[in-house]
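Here's the structure we're looking at; comments come further down.
The values are calculated or read from the model by the stated rules, or taken from the named source; none is laboratory data. In this text, all values refer to a predicted model and were calculated from it rather than measured experimentally. A quick note on method: Cβ atoms are made from the backbone with ideal geometry, for glycine too, and the neighbour counts reach across all protein chains shown. Protein only, heavy atoms only, side chains kept; ligands, DNA and RNA dropped before computing areas. Shrake-Rupley method; radii C 1.70, N 1.55, O 1.52, S 1.80 Å.
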Amino acid sequence: MAEIVSLAEAVERAVHDGDAVAMEGFTHLIPFAAGHEVIRQRRRDLTLIRMTPDLIYDQLIGAGCARKLIFSWGGNPGVGSLHRFRDAVEHAWPVPLEIEEHSHAGMANRYVAGASGLPFAVLRGYNGTGLETLNGGPGAAPTIKPITCPFTGETLTAVSAIRPDVAVIHAQRADRAGNVQLWGITGVQKEAVLASQRSLVTVEEIVDDLDPRPGAVVLPSWTVSFVARAPGGAHPSYALGYSARDNDYYVAWDAIARERAAFTRWLDEQVYVGRS
């Protein structure tokens, strides 16, 4: 059953050096506050998993938290490149970064397979893409393989299930028993939580009761490890019904992340402040 704790305690107990960490949320409900706490606690050698790594993973990569990124698209939405991501791939700064690239459909199906307790998922979308040649570094097992349909003989593509050590998401609300509710544009948050060994959910507020919301996703307490109250925890993305997207932040990030010195100064002034 979920424990309601502080964000610092949740990260300390849920996220360990060397873990495979999935931080999900699409367009909104991106768990920035939790990501910043991971940086503050100086976690290292993480395998970061996210369908659309954007600013939060640029920050984690630039802070030296990651050794590998598993993803299907990366960029600063509406602005351009992720400069800390590029620097890690192209120049191994601050540490080398291994990458494993998939399609959106492949990533989504991998999460579903993991949540379903299956070893892999099957789809057509990889045929002819060449993505299978980009995956699995030296000595690594490939995560994309051709498979023959036992019924039609058609060649399809199998993708291995994603089973993170920990999933981290942001949601609008949780009740005092640790049941979590999120609504609006949702991505693969539910699947990421169900596929993971542990999960950490930050929420805008903790309430006595979760009233029904059209289209809402409810994660029962027994699927969640830790809940932490973090109002504004999705900023600069947004939480529908609680906050608006900070478009100026995304534009400003391009200049902050472009140079190592500016990024390091941002870390010291905005993330590490108050921590040794």
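Consider Ala244 carefully, then state whether it is in contact with a His (Cβ under 7 Å, 6 or more places away or on another chain) and either assigned to a loop (DSSP other than H, G, I, E, B) or at pLDDT below 95 (or both).
Details: in contact with a His (Cβ under 7 Å, 6 or more places away or on another chain): no; either assigned to a loop (DSSP other than H, G, I, E, B) or at pLDDT below 95 (or both): yes.
Answer is no for this residue.
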Note to self: Looking at region 157-170, can you tell me whether even one residue there is touching a residue at least 24 places away in the same chain (Cβ under 8 Å), more than 22 Å from Leu118 (Cβ to Cβ), open to solvent by 70 Å² or more (accessible area, probe 1.4 Å) and charged (D, E, K, R)?
What the structure shows: no
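Does Gly35 fit the bill of being touching a residue at least 60 places away in the same chain (Cβ under 8 Å), part of a loop (DSSP other than H, G, I, E, B) and surrounded by 20 or more Cβ atoms within 10 Å (Cβ to Cβ)?
On the way: touching a residue at least 60 places away in the same chain (Cβ under 8 Å): yes; part of a loop (DSSP other than H, G, I, E, B): no; surrounded by 20 or more Cβ atoms within 10 Å (Cβ to Cβ): yes.
The answer is no for Gly35.
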Check: Is it true that some residue in region 44-65 is among the polar types (S, T, N, Q) and surrounded by 21 or more Cβ atoms within 10 Å (Cβ to Cβ)?
Finding: yes
Note to self: I'd like to check something: does region 192-209 contain any residue that is open to solvent by 20 Å² or more (accessible area, probe 1.4 Å), in a loop (DSSP other than H, G, I, E, B), more than 30 Å from Gly125 (Cβ to Cβ) and touching a helix residue (DSSP H, G or I) at 6+ places or on another chain (Cβ under 7 Å)?
What the structure shows: no
Check: In region 70-80, what residues are open to solvent by less than 30 Å² (accessible area, probe 1.4 Å), modelled with pLDDT of 95 or more and in contact with a helix residue (DSSP H, G or I) (Cβ under 7 Å, 6 or more places away or on another chain)?
Finding: Asn76
Margin query: I want to confirm something. Restricting to region 81-136 and keeping residues that are polar (S, T, N, Q) and out of contact with any Gly (no Cβ under 7 Å at 6 or more places or on another chain), which single residue is surrounded by the most Cβ atoms within 10 Å (Cβ to Cβ)?
Written below: Asn109
Next item on the list: Kindly list, by first and then second residue, each pair from a residue in region 5-19 that is closer than 17 Å to Glu204 by Cα to a residue that is among the hydrophobic types (A, V, I, L, M, F, W, C) and part of a loop (DSSP other than H, G, I, E, B), limited to pairs with Cβ atoms under 6 Å and residues at least 6 apart or on different chains.
Entry: Leu7/Ala230
